[in-house]
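Each value in this text was obtained by applying a stated rule to the coordinates, not by laboratory testing. Here the structure is a predicted model, which means the values were calculated and not measured. Positions of Cβ are backbone-derived with ideal geometry, glycine not excepted, and every protein chain shown enters the neighbour counts.
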Amino acid sequence: KPEKIIDLKYGSLVKAYRSDAAMEAFRSYGLGQFIHWGLYAIPGNEWEGHIYTGASEWIRSWGGPSKPEGWATIYDNLYKKFDPTDFDAKRWAKQAKKMGAKYVIFTTKHHDGFALWPTKFSDYNVSKTPYKKDIVKEIVDAYTAEGIDVFLYFSVMEWNNANYMGSKPKTDDERQKFGRFLEYTRNQIFELLNNYPQVRGLWFDGTWDESWVSSYDYTYNLEKEIRDKYPRLIMGSRFRNDEFGKRHFDSNEQLMGDYEQVWERKLPKHVGWLGGNDWESVMTITPGDWGYTKNWNNMYIKTSNDIIGLMMKSVSMNGNFVLNFGPDALGNMHPGEDKIARELGEWMEVNREAVYGVRNASEFPDTDYGYYTQKGNTLYLTVFNRPIDDLIRLVVSKDAKTVPATAKLLIDGRILDIRRADIGFDGDKDNYFDIKLPENLKTNRPFVVKINLDAVK
Ligand code: FHN
């Protein structure tokens, strides 16, 4: 907390903790899907044998000696080849549903400025490609039909827009140009909200350049306008900054959005870091690519168990976990993504109650076995580290209002023996409860022990 509160004209617009149905739904999602799709799917990190080593969706900014001659122009013309003949939004939505995703974040426009909807405000859009059709509409309709809430990703920064600049506009001419860009951004945002009324949230990105940061008067009023017109819409903390350039949290440490949107390819170490704020973590499967990456060799690919671990760690700290997919230029997921979606879905099928609508188990200290999540009087322990004697010892403070009473395995419904272990440490402030795992429990995945808690009499 700041030592003294300063007078801010452009501080946070969301002072109160939102408790409306849309935010409550957000709090219970648990698992989401991110999709990065655009022209960068065509190169997929390589062009005529040259390999780009940065994040695949950043390939337009390729520099250095390995960059093909005239690369930016080649890239900007890729839209003439964009024809994803295998694209079937319903197939993706079904896959996401099976995987267990409750919301999807879809890139309507990434940093290259290419819009996947037929925007009236720029010609650089999908209607000018051989494919022609409105991809955003197909996604919104298909995911909504599966009961998956849709959030639209929108990059403010645009690499090939003549009115865009990274630095603060200084001359009158620059101010006019950037003013036109701001107006264009506003138009596109309202166009999206108007075209696709089912949308639950906007996910802004590319808002770090000085030009945008110095436009705090404009962006403050724009946020106000969006929130006035769409009070149920959810927007994270990336949209704008205050007059001192502070992003995510204003100069009085107030969150500048409905949830913390800083957790990209990382997680907080401890729930205490979050100060009670809502949050989500967005995660890649390769180390750092969001767009399609053809070749997955020679880099670490997260396993399904890695992903389950990141998801459970997130939900155990009241956050959502959002897994990214980067489909190819024809509209197919990478085979590695298909595999992870399938494996994660199989796991969710059995264990989803430990993921959806759960909260941090604040009465129970962190455990080395894995992660706790809690829903009312049900405690879930997702075990990643199985003890060699198959005996799980739960540590429960003597001050706790509830104690473990019964336990069962979600994987097969087996009831587990649970008993108080009076280990008799002198002056101990904890009680211990031992749960015996069946020796013949064979699984190569983390497993969940569901524990019913009884009120202490
Ligand atoms: O630069 C982008 C990146 O390409 C990707 O879209 C991620 C997703 O969270 N956001 C930006 C970096 O923060």
What residues have an amide H closer than 5 Å to that of residue 125, excluding those fewer than 5 places away on the same chain, when H is modeled at 1.01 Å from N in the peptide plane? 115
So what's the net charge close to residue 246: Lys and Arg +1, Asp and Glu -1, counting the other residues with Cβ under 11 Å from its Cβ? -2
Top positive-direction residue, dipole computed over the chain with Cβ charges, set 212, 456, 63: 456
Just to check, using Stokes-Einstein with a Kirkwood Rh over alpha carbon pairs, what's the diffusion coefficient of the stretch 21-354 at 37 °C and 0.692 mPa s in µm²/s? 160
How far apart, in nm, are the 7 Å Cα→Cβ label points at residue 253 and residue 145? 4.9
Would you mind working out the magnitude of the charge dipole of the stretch 124-228 relative to its Cα centre, with +1 at each Lys and Arg C-beta and -1 at each Asp and Glu C-beta, to the nearest 20 Debye? 240
Out-of-range pairs (alpha-carbon distance over 24 Å; input 102/302; 80/133; 229/375): 229/375
About its Cα centre, what dipole magnitude does the stretch 248-298 give when the only charges are +1 on Lys and Arg Cβ and -1 on Asp and Glu Cβ, stated in debye to the nearest 20? 400
For the residues 153, 369, what sequence is obtained by ranking on other C-beta atoms within 10 Å, fewest first? 369, 153
Out of residues 5 or more away from residue 203 or on other chains, whose amide H comes under 5 Å of its own, with H placed 1.01 Å from N in the peptide plane? 152, 153, 154
Would you give the gap between the C-alpha center of the stretch 18-88 and the C-alpha center of the stretch 285-300, rounded to a whole Å? 12
Among 380, 79, which comes first, second and so on when ranked by fewest other beta-carbon atoms within 10 Å? 79, 380
12 Å beta-carbon shell around residue 358, net charge (K/R +1, D/E -1): +4
Roughly how many nanometres apart are two label points built 7 Å out from the Cα toward the Cβ at residue 21 and residue 298? 5.3
Relative contact order for the chain using alpha-carbon pairs under 8 Å, separation at least 6, rounded to a whole percent? 17
So, R0 is 45 Å and r is the distance between the beta-carbons of residue 9 and residue 67; what FRET efficiency does that work out to, to 0.05? 0.55
Rounded to whole Hz, the Karplus (6.51, -1.76, 1.60) HN-Hα couplings of the stretch 149-161, x for glycine and proline: 6, 10, 10, 9, 7, 9, 8, 6, 4, 10, 6, 10, 9
A correct fewest-to-most ranking of 270, 36, 111, 50 by other Cβ atoms within 10 Å would be 270, 50, 111, 36
Whole-Å semi-axes of the stretch 1-91's equivalent ellipsoid, largest first, each the root of 5 times a Cα gyration tensor eigenvalue? 41, 24, 12
Inter-part distance where the stretch 386-449 and the stretch 264-280 are each reduced to a Cα centre, Å: 27
Among 17, 370, 119, pick out the residue whose Cα is farthest towards the positive end of the charge dipole of the chain, where Lys and Arg carry +1 and Asp and Glu carry -1 on C-beta, about the Cα centre. 17
Share of Cα-Cα pairs in the stretch 94-164 lying beyond 15 Å, as whole percent: 57
Per residue and in Å³, how big is the convex hull formed by the alpha-carbon atoms of the stretch 370-455? 99
The chain - share of DSSP beta bridges that are antiparallel (%, nearest 5): 55
Other residues with Cβ under 14 Å from the Cβ of residue 380 give, with Lys and Arg +1 and Asp and Glu -1, a net charge of +4
Can you tell me, using C-alpha contacts under 8 Å and at least 6 residues apart, the relative contact order of the stretch 370-455 as a whole percent? 42
Dmax and Rg, reported as Rg then Dmax, of the stretch 366-414 (C-alpha, Å): 11.5, 33
Of the convex hull enclosing the alpha-carbon atoms of the stretch 247-373, the direction-averaged projected area in nm² is 9.7
